[in-house]
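J.: Provided herewith is a single structure, encoded as structure tokens, for subsequent inquiry.
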Amino acid sequence: MNIISFLVTYLSVAAVYALLAISMNIDYGWAGIPDFGKAAFIAAGGIAAAIVATRIVPPLMLHMHPANPSKLSFFTYYNGKILPAITAHPIDTWIVFIISILLGGIIAAGFAVIFSYPAIRLKEDYLAIALLMAAQIVWLFLRVYTPIMGGTMSMTLPSPSFKPIARALFHSTSPSAIDAAKALFLWGLVGVFLYYAEKQMNSPFGRMLRMVRDDEYAAAALGKNVARARLESLIVASFLAGVAGAVYVLIHFSSVNPDYFMPDLTFFVLTLVLVGGVGNNIGSIIGALLIALLYRASYIFGTSLGFSWGSYLYYMIIGLAILITIFVRPNGILPEKPVRTPAWDVYALVRGKQPWFLRRILMRGRGKVNTGEKSE
Amino acid sequence: MVYSLAWGSALALMASGLSLYYSVSKVANFAHGSYVSMGLLAYLLAIAFAHWGSKITGFGIDHYAIFNISNLWALIPAFLVAGLVSLASFAGIFWPLMKRGATPLQLLVASIGLMFVLRFLMYIVAGSMNWITLWTPGSTTYHILGVRITLAEILSFVLLALVAGLIALLETKTLIGVSLRAIASNPSLAEASGIDSFKVQALAWFLGGGFAGLGGVLMFIFTGPPGGRPIVELGWMNLLSIFAAAVLGGLGSFYGTIIAALILGIAFNQAAAWFTIYLNVSSSLALLIPFGITLLTLLFFPQGLAGINWRKLVNKIRITRVEEEVVRR
């Protein structure tokens, strides 16, 4: 394995983790909700991808009968007929992808409303446990109820084809070019998520979430509906989690299996956010990059040790990462920044908190503001 | 039915440990599941040391670890190891964090980190003894009055009664128990009146972890590895049931938790039986029933069973009956 192909695969894995981390950051970091049901919301994306590939796309686009994963003949029919028919045209795989991410987001948002309803008004401990139970139930249900994704057997999914993109960008369809196109696409998606999260979080809505997190009673006293704010942030974050879940199964694994959504996944995503910086979107991405590297390295190192417990070394790494972060930097690598409002920009400019090369750019269009620089 | 109650008692042992230290420290501790597995590993290791030289690695341990009278002593190391690990985690992690003024959410997250570290340490032990997957070793069976009952079932009732009695004595007759209740109801007032908060909380954590270890051994004897997962994850797979019981009992209420665990034990096992016999679906889905009960209770009585004002409820029912009679006349 040469270093470039390792880097490219590592970057695309880190991008998927970054998507998950941004969605976790919205409800855990900004609204202070211990969203331990994240695995269930990510599973919604997996459910959507499975449903789209077996039930929705074949009858609508290919004029084929829908496949039922609980039947015995499913694998010969699905793997033999439907999958080749979808992957024959790159456009079809992208249609599957787009419908899956939309449907995944919608299902996840629905889950968020249902699962958080009993406990959204209670203390964090109760909400955490209620959501964790929901994640466990969803996981067990997917294992047992075969018509969705065929129980515990892995079901191959039509992964979106990066061949045309690689051909257009790099003029080659070698595996490394395809991987590079995939990594580029995923980081583009991370950019979209980041832009949305930054916009949303610097809006009045984001400021309200912070107030609810920091002082519930003050928020209530100022006429904010605390339960509703929490629910809204949970819905937004779950929608993103559902989208990220569809990306997770379709691009990262290109197959689906209930065991991808074990409740442990939540804590893995939580580690990314915690290490990177709670309440800071850039921090979450840095956490994803760091933990993906540690995870990969500890797995390679652990399995090369030759002990039967070596492959579990990543538990140690993740656990220690959480504990060290909590003790040494409770706010993560990049701590939370103040909300960016126009007023804050001007204040920062006056107090000289912006780097010098940004001042000129920020000054543009605010000509009449007294920055205090001229008088000096 | 006996089995369901016994399963519930094992759950009650584990969950009461959690609620014992939750009442004083207010830490929703996810590492509690690790104490459960630690107890089990200590039990197995103690028996392995007693039979050192025989075939104790891999499935060989199942032959010796059968739960009978002559193996009862091995419950003591299970209690001690789980209790000491719990004590160490309190003294090493949670107490320093609480001193720094960590929020409940930070404590909760720290407990997740601790859970992963402990789980890895247990994988080292279980992996080097080749115990990662084991069957339940079973237990000696008796026939009392025509009822088939195993030693583990008897013992789980006895231990639960002992623990409940012990805590009742501790909390009413001894100074440290009274200070335990004082800290639970008002920590700052208790500290102001000269109670050494650290000592009292440490005792609660030691006992809580120990109870978890005992419950873990019994639970393993009853069910074996849960869902075919490694035995190290016994605690993790039961963690949600533990939390369900603790929440249903009203977080931090010791006796409420015991009653809730018994209710959940009956509900889960009866539902599992119905699911497999009548609906022909996997019994693992029966977890829906206890979780559903807990969520519904949260919806109507957020403080759990202990938070319900029973006298008021009974009075309400009585009054409505009287009113009905009045209307009838």
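The values are calculated or read from the model by the stated rules, or taken from the named source; none is laboratory data. Predicted model only: the values in this text are computed from it and were never measured. Note: ideal-geometry Cβ built from the backbone for every residue, glycine included; neighbour counts use all protein chains shown.
J.: So which residues in the stretch A:316-348 are free of Cβ contacts under 8 Å to residues at least 40 places away in the same chain, surrounded by 14 or more Cβ atoms within 10 Å (Cβ to Cβ) and away from chain B (no Cβ under 11 Å), if there are any at all?
T.: Residues of the stretch A:316-348 free of Cβ contacts under 8 Å to residues at least 40 places away in the same chain: A:316-317, A:319-320, A:323-324, A:327-330, A:338, A:342-348.
Okay, now just the ones that are also surrounded by 14 or more Cβ atoms within 10 Å (Cβ to Cβ), so A:316-317, A:319-320, A:323, A:327, A:329-330, A:344-346, A:348.
Within the stretch A:316-348, A:Arg329, A:Trp344, A:Asp345, A:Val346, A:Ala348 meet the criteria.
J.: Name the single residue, out of those in the stretch B:112-127 being more than 7 Å from every other protein chain (Cβ to nearest Cβ) and surrounded by fewer than 23 Cβ atoms within 10 Å (Cβ to Cβ), that is farthest from the chain's Cα centre (by Cα).
T.: Looking at residues that are more than 7 Å from every other protein chain (Cβ to nearest Cβ) and surrounded by fewer than 23 Cβ atoms within 10 Å (Cβ to Cβ), I get B:Val125.
J.: Kindly indicate the residue of the stretch B:246-286 that is surrounded by 23 or more Cβ atoms within 10 Å (Cβ to Cβ) and facing another protein chain (nearest Cβ under 10 Å) and also farthest from B:Ala204 (Cα to Cα) among those meeting that condition.
T.: Among those residues, the one meeting the criterion is B:Val247.
J.: Scan the stretch B:67-84 and give yes if some residue there is within 14 Å of chain A (Cβ to nearest Cβ), in contact with a helix residue (DSSP H, G or I) (Cβ under 6 Å, 6 or more places away or on another chain) and crowded, with 18+ Cβ neighbours inside 10 Å, otherwise no.
T.: The first filter runs over the stretch B:67-84 and keeps only residues within 14 Å of chain A (Cβ to nearest Cβ), leaving none.
No, because not a single residue in the stretch B:67-84 is within 14 Å of chain A (Cβ to nearest Cβ), in contact with a helix residue (DSSP H, G or I) (Cβ under 6 Å, 6 or more places away or on another chain) and crowded, with 18+ Cβ neighbours inside 10 Å.
J.: Quick check: anything in the stretch A:143-162 in contact with a Lys or Arg (Cβ under 9 Å, 6 or more places away or on another chain), within 14 Å of chain B (Cβ to nearest Cβ) and buried (at least 23 other Cβ atoms within 10 Å of the Cβ)?
T.: Scanning the stretch A:143-162 turns up no residue that is in contact with a Lys or Arg (Cβ under 9 Å, 6 or more places away or on another chain), within 14 Å of chain B (Cβ to nearest Cβ) and buried (at least 23 other Cβ atoms within 10 Å of the Cβ).
J.: Now a separate question. State all residues of the stretch B:244-291 that are part of a helix (DSSP H, G or I) and touching an Asp or Glu at 6+ places or on another chain (Cβ under 9 Å); if no residue qualifies, say none. Reasoning before the result, please.
T.: Step one: of the stretch B:244-291, the residues part of a helix (DSSP H, G or I) are B:244-248, B:254-279, B:283-291.
Within the stretch B:244-291, B:Val247, B:Phe254 meet the criteria.
J.: So, A:Val52, is that one out of contact with any Ser or Thr (no Cβ under 8 Å at 6 or more places or on another chain) and of a type outside the set (S, T, N, Q) or not?
T.: Values: out of contact with any Ser or Thr (no Cβ under 8 Å at 6 or more places or on another chain): no; of a type outside the set (S, T, N, Q): yes.
So A:Val52 fails the test.
J.: Of all residues in the stretch B:96-107 being at pLDDT 85 or above and surrounded by 18 or more Cβ atoms within 10 Å (Cβ to Cβ), which is farthest from the other protein chains (Cβ to nearest Cβ)?
T.: Per the criteria, the residue is B:Met98.
J.: Same structure again: If only one of A:Ser172, A:Ser159 is among the hydroxyl-bearing types (Ser, Thr, Tyr) and in contact with a Leu (Cβ under 6 Å, 6 or more places away or on another chain), which one is it?
T.: Numbers: A:Ser172 fails: in contact with a Leu (Cβ under 6 Å, 6 or more places away or on another chain).
That would be A:Ser159, the only listed residue that is among the hydroxyl-bearing types (Ser, Thr, Tyr) and in contact with a Leu (Cβ under 6 Å, 6 or more places away or on another chain).
J.: Moving to a separate point now. Out of all the residues in the stretch A:171-180, is one or more of a type in the set (D, E, K, R), away from chain B (no Cβ under 14 Å), in a helix (DSSP H, G or I) and loosely packed, with under 15 Cβ neighbours inside 10 Å?
T.: First pass over the stretch A:171-180, keeping only residues of a type in the set (D, E, K, R): A:179.
Restricting the remaining residues to those that are away from chain B (no Cβ under 14 Å) gives A:179.
Next cut, in a helix (DSSP H, G or I) only: A:179.
If we keep only those that are loosely packed, with under 15 Cβ neighbours inside 10 Å as well, we get none.
The answer is no, given that none of the residues of the stretch A:171-180 is of a type in the set (D, E, K, R), away from chain B (no Cβ under 14 Å), in a helix (DSSP H, G or I) and loosely packed, with under 15 Cβ neighbours inside 10 Å.
J.: Name the single residue, out of those in the stretch A:190-206 being closer than 26 Å to A:Phe115 by Cβ and in contact (Cβ under 8 Å) with a residue 60 or more places away in the chain, that is surrounded by the fewest Cβ atoms within 10 Å (Cβ to Cβ).
T.: A:Gln200
J.: Now for a different question. When you go through A:Ser172, A:Ser159 one by one, which is the residue that is within 19 Å of A:Ala244 (Cβ to Cβ) and of a type in the set (S, T, N, Q)? Give the derivation first.
T.: Values: A:Ser172 fails: within 19 Å of A:Ala244 (Cβ to Cβ).
Unique residue meeting the criteria: A:Ser159.
J.: For the stretch A:218-315, give me every one of the helices (runs of 4 or more DSSP H) that falls completely inside it and has 3 or more residues that are of a type outside the set (Lys, Arg) and within 14 Å of another protein chain (Cβ to nearest Cβ). Working first, answer last.
T.: Details: elements: A:226-247, A:264-276, A:281-305.
By residue number, A:264-276, A:281-305.
J.: If you check A:Tyr17 against the conditions, is it within 18 Å of A:Ile251 (Cβ to Cβ), out of contact with any Gly (no Cβ under 7 Å at 6 or more places or on another chain) and buried (at least 20 other Cβ atoms within 10 Å of the Cβ)?
T.: Working: within 18 Å of A:Ile251 (Cβ to Cβ): yes; out of contact with any Gly (no Cβ under 7 Å at 6 or more places or on another chain): yes; buried (at least 20 other Cβ atoms within 10 Å of the Cβ): yes.
Yes.
J.: Looking at A:Gly310 and the list (1) modelled with pLDDT of 80 or more; (2) crowded, with 16+ Cβ neighbours inside 10 Å; (3) more than 18 Å from B:Val109 (Cα to Cα), which single condition is not satisfied?
T.: Looking at each condition in turn, A:Gly310 falls short on (1).
J.: If you check A:Ile129, A:Ile148, A:Ile101, which single one turns out to be within 20 Å of the chain's Cα centre (by Cα) and at negative phi? Write out each step before concluding.
T.: Numbers: A:Ile129 fails: within 20 Å of the chain's Cα centre (by Cα); A:Ile148 fails: within 20 Å of the chain's Cα centre (by Cα).
Matching residue, one of A:Ile129, A:Ile148, A:Ile101: A:Ile101.
J.: Which condition number in (1) closer than 30 Å to B:Leu248 by Cβ; (2) within 14 Å of chain B (Cβ to nearest Cβ) is the one that A:Ile107 fails?
T.: (2)
J.: Every residue in the stretch A:172-209 that is among the hydroxyl-bearing types (Ser, Thr, Tyr) and modelled with pLDDT of 90 or more, please.
T.: At the first step, the residues of the stretch A:172-209 found to be among the hydroxyl-bearing types (Ser, Thr, Tyr) are A:172-174, A:176, A:195-196, A:203.
Listed by number, the residues that qualify are A:Tyr195, A:Tyr196.
J.: May I ask you to list the residues in the stretch A:155-170 that are closer than 26 Å to A:Ile82 by Cα and not in a loop (DSSP other than H, G, I, E, B)?
T.: Step one: of the stretch A:155-170, the residues closer than 26 Å to A:Ile82 by Cα are A:155-167.
Hits for the stretch A:155-170 are A:Met155, A:Thr156, A:Lys163, A:Pro164, A:Ile165, A:Ala166, A:Arg167.
J.: So, restricting to helices (runs of 4 or more DSSP H) that lie completely within the stretch B:1-77, which ones have at least 2 residues that are within 20 Å of B:Phe90 (Cβ to Cβ) and either in contact with a Leu (Cβ under 9 Å, 6 or more places away or on another chain) or modelled with pLDDT under 80 (or both)?
T.: Details: elements: B:2-25, B:32-50, B:60-64.
In the stretch B:1-77, the matching helices (runs of 4 or more DSSP H) lie at B:2-25, B:32-50.
J.: Among the candidates B:Leu218, B:Leu234, which residue alone is touching a Phe, Trp or Tyr at 6+ places or on another chain (Cβ under 8 Å), within 30 Å of B:Ala273 (Cα to Cα) and buried (at least 24 other Cβ atoms within 10 Å of the Cβ)? Please lay out each step first, then the result.
T.: Details: B:Leu218 fails: touching a Phe, Trp or Tyr at 6+ places or on another chain (Cβ under 8 Å).
Just one listed residue meets the conditions, B:Leu234.
J.: Taking B:Phe243, is it out of contact with any Leu (no Cβ under 6 Å at 6 or more places or on another chain) and not aliphatic (A, V, I, L, M)? Spell out the reasoning first.
T.: Numbers: out of contact with any Leu (no Cβ under 6 Å at 6 or more places or on another chain): yes; not aliphatic (A, V, I, L, M): yes.
Against the criterion (out of contact with any Leu (no Cβ under 6 Å at 6 or more places or on another chain) and not aliphatic (A, V, I, L, M)), B:Phe243 qualifies.
J.: Here's another thing I want to ask about it. Every residue in the stretch A:82-101 that is without any contact (Cβ under 8 Å) to a residue 12 or more places away in the chain and in a helix (DSSP H, G or I), please. Talk me through it step by step, then tell me what you get.
T.: Here is the first cut: in the stretch A:82-101, the residues without any contact (Cβ under 8 Å) to a residue 12 or more places away in the chain are A:84, A:88-89, A:91, A:98.
If the condition is that a residue be without any contact (Cβ under 8 Å) to a residue 12 or more places away in the chain and in a helix (DSSP H, G or I), then A:Pro84, A:Ile91, A:Ile98 are the ones that fit.
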